[in-house]
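These notes concern the structure reproduced below.
The values are calculated or read from the model by the stated rules, or taken from the named source; none is laboratory data. Please read all numbers here as calculations on a predicted model, not as lab measurements. Every residue, glycine as well, gets a Cβ built from its backbone with ideal geometry; the counts of neighbours run over all protein chains shown. Just the protein is used for accessible areas: all its heavy atoms, side chains included, with ligands, DNA and RNA removed. Shrake-Rupley method; radii C 1.70, N 1.55, O 1.52, S 1.80 Å.
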Amino acid sequence: MWGTATSSHQVEGGNTNNQWHAWEQASKVERGEVSGLAADWWGGRWREDFDRAAEAGQNAHRFSIEWSRIQPTADRWDDEALDHYVQMAKGALARGLQPVVTLHHFTHPLWLDELGGWEYEGTPALFEAYTRRVVSALKEHVSLWCTINEPNILVVVGYVVAYFPPQVTDIGRAFSVAHNLLRAHAASYHAIHEIQPGARVGLAHHYRGIKPARPGHPLDRLLARIQSRFFNDFFVDGVATGKLRLLQHSARVPQARGTQDYFGLNYYTEDEVRFAWRPAEAFGARAFRQDAEVSPHNFMANEPLGFRRALLWANRYGLPIIVTENGAEDERDDFRRRYLLLQVQQLWRLVNVNTPIEVYFHWSLVDNFEWDRGWQQRFGLWELDIETQARRKRTSANLYAAICQSNGFSTELVQQYAPDVFDEMFPV
Ligand code: FCB
């Protein structure tokens, strides 16, 4: 299947009851931007965007539920809000789009934030109650669930490198968040299977490639391994084994062991790491490969072999793979065309040797609110004018439509949309 992915806070608009809204109000986002009306999906524009996706040959869509709308206060459930998502799931199916629904994509209600958010040890039970509510309402229309988007980003970006709220650097707190996320995922997984035995449940793991800058250099190799384990492996291994380890911290969560029916992979880019005698920077300077092509805001490098490595890493877990996100920020839409074709070529290579890759979700359908980077970074196949809500189709939407419709790509397609990567894709 071929689709696109979105998340509630990034597209809905009018979400004023979660911790990201509070963060935006405190002018923490670059240039002081706010999500505002976003792509106005709460106002109903998901319908026209789903039409676009279906007309462009897509047959799946991954979207998320906004917890703060379903449970606006600790003791109140909003059934009307729940119905909004039932309509979306039905609307997706009616257009031939298989819905994949994420229960938590970075945002949680303000009342929960006041209790400590993911640091609060009662949060896993609250997440389970929320899961039960949502799954009971949507189970007739949704059979693929994603519990939590990118737990390692929540842990590392919120509590170690500190770009996301609550923007602290504290390994002890980071570990308690990881521990609660793992407990919450496990509780949610078991609850979904109890309510809907035939459902398939997983998470979206973010994998960032980290390679030695000098492959023959032992210290570069060692550093790359340490950094990759720290960032990429701890949560995934927690789910696989029921044992969570982060630096000096560890915990057993036996009920989490084996709680994924597919492996959800989010991949964007890859870094190189080079040993340097700089203890303050953990002895390693990370950078994009020197001759890699980088996106307009320097956010990512086009590293298709990094995608291959990410897929091979995911495949170690022996599960069917769903690429839950892959895409590029590029308002000019030329980087994206090269990126898309080169990444899809790596998918094709692995599918050819029977790697069980089931779905590819491109991030994203339409431009949306890009977290701490606000509206600067544009990931949509459709461009969004946030003042007028007008959409404009980018060339990549046509390219992706051709891929979806033919379930592949051809030399002609590459010639037409990205002739400058032709020789790289088809060397003589
Ligand atoms: C991922 C997030 C997604 C989007 C993309 C660009 O880490 O899951 O919401 O911001 O990055």
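Assuming Val353 fulfils every condition listed in (1) in contact with a helix residue (DSSP H, G or I) (Cβ under 6 Å, 6 or more places away or on another chain); (2) more than 23 Å from Val157 (Cβ to Cβ) apart from one, which condition is it?
With respect to (1) in contact with a helix residue (DSSP H, G or I) (Cβ under 6 Å, 6 or more places away or on another chain); (2) more than 23 Å from Val157 (Cβ to Cβ), Val353 is out only on (1).
Restricting the first residue to region 365-380 and requiring it to be within 14 Å of Met300 (Cα to Cα) and of a type in the set (D, E, K, R), which pairs with a second residue that is more than 10 Å from the ligand (Cβ to nearest atom) and modelled with pLDDT of 95 or more meet a Cβ separation below 6 Å and a spacing of at least six or different chains?
Short answer, once both residue conditions are applied: Arg373/Glu30; Arg378/Glu331; Arg378/Asp367.
From the residues in region 138-149 that are touching a residue at least 40 places away in the same chain (Cβ under 8 Å) and over 15 Å from the mean Cα position of the chain (by Cα), which one is farthest from the ligand (Cβ to nearest atom)?
Once the filter is applied, the top-ranked residue is Lys139.
Which numbered condition in (1) among the aliphatic types (A, V, I, L, M); (2) open to solvent by 50 Å² or more (accessible area, probe 1.4 Å); (3) modelled with pLDDT of 95 or more is the only one that Leu203 fails?
(2)
Would you mind finding the one in Arg392, Arg309 that is open to solvent by 10 Å² or more (accessible area, probe 1.4 Å), of a type in the set (D, E, K, R) and part of a helix (DSSP H, G or I)?
Exactly one of Arg392, Arg309 is open to solvent by 10 Å² or more (accessible area, probe 1.4 Å), of a type in the set (D, E, K, R) and part of a helix (DSSP H, G or I), namely Arg309.
List, please: which pairs have Cβ atoms under 6 Å, are six or more places apart or on different chains, and start with a residue in region 150-168 that is within 20 Å of Gly202 (Cα to Cα) and aliphatic (A, V, I, L, M) and end with one that is more than 11 Å from the ligand (Cβ to nearest atom) and in a helix (DSSP H, G or I)?
These pairs meet every condition: Val155/Ala174; Val155/Val177; Val155/Ala178.
Going through Val157, Val161 one at a time, which residue ends up being farther than 29 Å from Arg47 by Cα and at pLDDT below 95?
Val161
Identify, by number, the condition in (1) buried (at least 19 other Cβ atoms within 10 Å of the Cβ); (2) among the acidic types (Asp, Glu); (3) over 23 Å from Ser188 (Cβ atoms); (4) away from the ligand (no atom under 16 Å from the Cβ) that Glu24 doesn't meet.
Only one criterion in (1) buried (at least 19 other Cβ atoms within 10 Å of the Cβ); (2) among the acidic types (Asp, Glu); (3) over 23 Å from Ser188 (Cβ atoms); (4) away from the ligand (no atom under 16 Å from the Cβ) is unmet by Glu24, namely (4).
One line per residue, one yes/no per condition, for (1) crowded, with 24+ Cβ neighbours inside 10 Å; (2) more than 16 Å from the ligand (Cβ to nearest atom); (3) not small (Gly, Ala, Ser):
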residue: Thr4; (1), (2), (3): yes, no, yes
residue: Gly14; (1), (2), (3): no, yes, no
residue: Asn17; (1), (2), (3): no, yes, yes
residue: Arg31; (1), (2), (3): no, yes, yes
residue: Ala39; (1), (2), (3): yes, no, no
residue: Gly57; (1), (2), (3): no, yes, no
residue: His61; (1), (2), (3): yes, no, yes
residue: Gln87; (1), (2), (3): no, yes, yes
residue: Gly91; (1), (2), (3): no, yes, no
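Output the number of the condition that Leu399 fails; it satisfies all remaining conditions of (1) open to solvent by less than 10 Å² (accessible area, probe 1.4 Å); (2) within 30 Å of Thr107 (Cα to Cα).
(2)
Mind telling me which of the residues Arg286, Arg245 ends up being away from the ligand (no atom under 16 Å from the Cβ), assigned to a strand (DSSP E or B), at pLDDT 95 or above and of a type in the set (D, E, K, R)?
It is Arg245.
Could you pull out the residue among Leu341, Leu265, Leu350 that is within 23 Å of Ser7 (Cα to Cα) and open to solvent by less than 10 Å² (accessible area, probe 1.4 Å)?
So the residue among Leu341, Leu265, Leu350 that is within 23 Å of Ser7 (Cα to Cα) and open to solvent by less than 10 Å² (accessible area, probe 1.4 Å) is Leu265.
Can you find, within region 195-209, the residue that is nearest to the chain's Cα centre (by Cα) among those that are of a type in the set (A, V, I, L, M) and within 16 Å of the ligand (Cβ to nearest atom)?
Filtering region 195-209 for residues that are of a type in the set (A, V, I, L, M) and within 16 Å of the ligand (Cβ to nearest atom), the one nearest to the chain's Cα centre (by Cα) comes out as Ala204.
Determine, yes or no, whether Arg349 is charged (D, E, K, R) and without any contact (Cβ under 8 Å) to a residue 24 or more places away in the chain.
Answer is no for this residue.
Filter region 169-194 down to residues that are free of Cβ contacts under 8 Å to residues at least 40 places away in the same chain and either buried (at least 18 other Cβ atoms within 10 Å of the Cβ) or not β-branched (Val, Ile, Thr) (or both) and give me whichever is farthest from the ligand (Cβ to nearest atom).
Looking at the filtered set, the residue picked out is Glu194.
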